[in-house]
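> Before we start, here is the structure in question, set down as C-alpha cells.
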Amino acid sequence: MNSTNKPVDVFFSIGSNINPEKNIQFASDQLKKTFIHLEYSSIYKTAAVGFKGDYFLNLVVKTVTAISPEIIIKKLRKIEADTGREVGTGQFSSRTLDIDMILYGDLVDELIRVPRDDINLYAFVIEPLAEIYPKGIHPISGSQYSTLWEQFDKKLQQTERISLQLT
C-alpha cells in the first residue's frame with residue numbers, strides 16, 4: 001500500500017458516547033505514542049444516529065506518516081479494545097470509542113475502506129474534516145471538503161461545537 005514509505009496525510013474520525021471525555025482523551029494519548037504530530041479539529045456534540053442513546057462527542061485528527069494503512073488500522077482497533085469496546089455490538093449502538101481512518105493520502109481502497117463513506121454520510125465527520133482540511137480534495141468526488149460541508153443537508157444531523165480541549 002505505502003511501499004515507498006513516503007509520508008502521507010492521514011485522518012482519523014474519533015467518537016464516543018460512553019465516558020466520552022475520558023475515552024477521547026485516552027485515544028489522543030495513545031495516538032501520540034505512535035504519531036509525532038497530531039492536529040485536532042474542534043470537538044462536536046451530536047445526537048446518536050440510527051439509534052436512541054446518549055450524545056456523542058466527535059472530532060477529526062490529522063497526522064502525517066509513512067506507516068502502512070494496515071498497521072494503522074491494527075493500532076486503532078487495539079486502542080478501541082483498550083477502552084472496553086465490544087466488537088460486534090452493531091453499527092448503530094453506544095460505544096466507548098470508535099476510531100476510523102477516514103483518509104490515507106489520496107488512496108482509494110475498498111478493502112480497507114478509504115476514503116470512508118462516512119465523510120459523505122455524517123455531519124460529525126465532514127464538519128470537523130472541513131474545519132481542519134477545508135481545501136483538501138476528496139479522492140473520489142474531486143470536491144473540496146469545505147464544499148462537501150457547505151452542500152451537506154444540515155437539517156438531517158445537528159452538531160454543536162463544544163469548548164472541550166484535549167491535553
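The values are calculated or read from the model by the stated rules, or taken from the named source; none is laboratory data. These numbers come from a predicted model, not from an experiment. Ideal geometry is used to build each Cβ from the backbone, glycine not excepted, and the neighbour counts take in all protein chains shown.
> Would you be able to say whether some residue in segment 59-69 is touching a strand residue (DSSP E or B) at 6+ places or on another chain (Cβ under 6 Å), more than 20 Å from residue 166 (Cα to Cα) and in contact (Cβ under 8 Å) with a residue 60 or more places away in the chain?
yes
> Look at segment 36-58 and say how many of its residues are under 20 Å from residue 131 (Cβ atoms) and either within 15 Å of the chain's Cα centre (by Cα) or without any contact (Cβ under 8 Å) to a residue 12 or more places away in the chain (or both).
Going through segment 36-58 one residue at a time, the tally reaches 12.
> Could you say which residue among 73, 67 is aliphatic (A, V, I, L, M), modelled with pLDDT of 95 or more, part of a loop (DSSP other than H, G, I, E, B) and more than 24 Å from residue 47 (Cα to Cα)?
67
> Take segment 51-60 and flag every residue that is assigned to a strand (DSSP E or B) and more than 14 Å from residue 97 (Cα to Cα).
none
> Of all residues in segment 1-40, count the ones that are part of a helix (DSSP H, G or I) and either touching a strand residue (DSSP E or B) at 6+ places or on another chain (Cβ under 7 Å) or of a type outside the set (Gly, Ala, Ser) (or both).
Going through segment 1-40 one residue at a time, the tally reaches 14.
> Could you tell me whether residue 86 is at pLDDT 95 or above and not aliphatic (A, V, I, L, M)?
no
> Could you give me the residue pairs with C-beta distances under 8 Å whose first residue belongs to segment 24-35 and is in contact (Cβ under 8 Å) with a residue 12 or more places away in the chain, whose second residue is crowded, with 19+ Cβ neighbours inside 10 Å and assigned to a helix (DSSP H, G or I) wherever it lies, and which are 6+ apart or on separate chains?
Partner pairs satisfying both residue conditions: 26/79; 27/79; 30/79; 31/79.
> Any idea how many residues of segment 18-55 are surrounded by fewer than 22 Cβ atoms within 10 Å (Cβ to Cβ) and under 16 Å from residue 80 (Cα atoms)?
So the count comes out to 13.
> Okay, moving on. The conditions are (1) over 22 Å from residue 160 (Cβ atoms); (2) more than 9 Å from the chain's Cα centre (by Cα); (3) not polar (S, T, N, Q), and residue 131 fails exactly one of them. Which is it?
All conditions are met except number (1).
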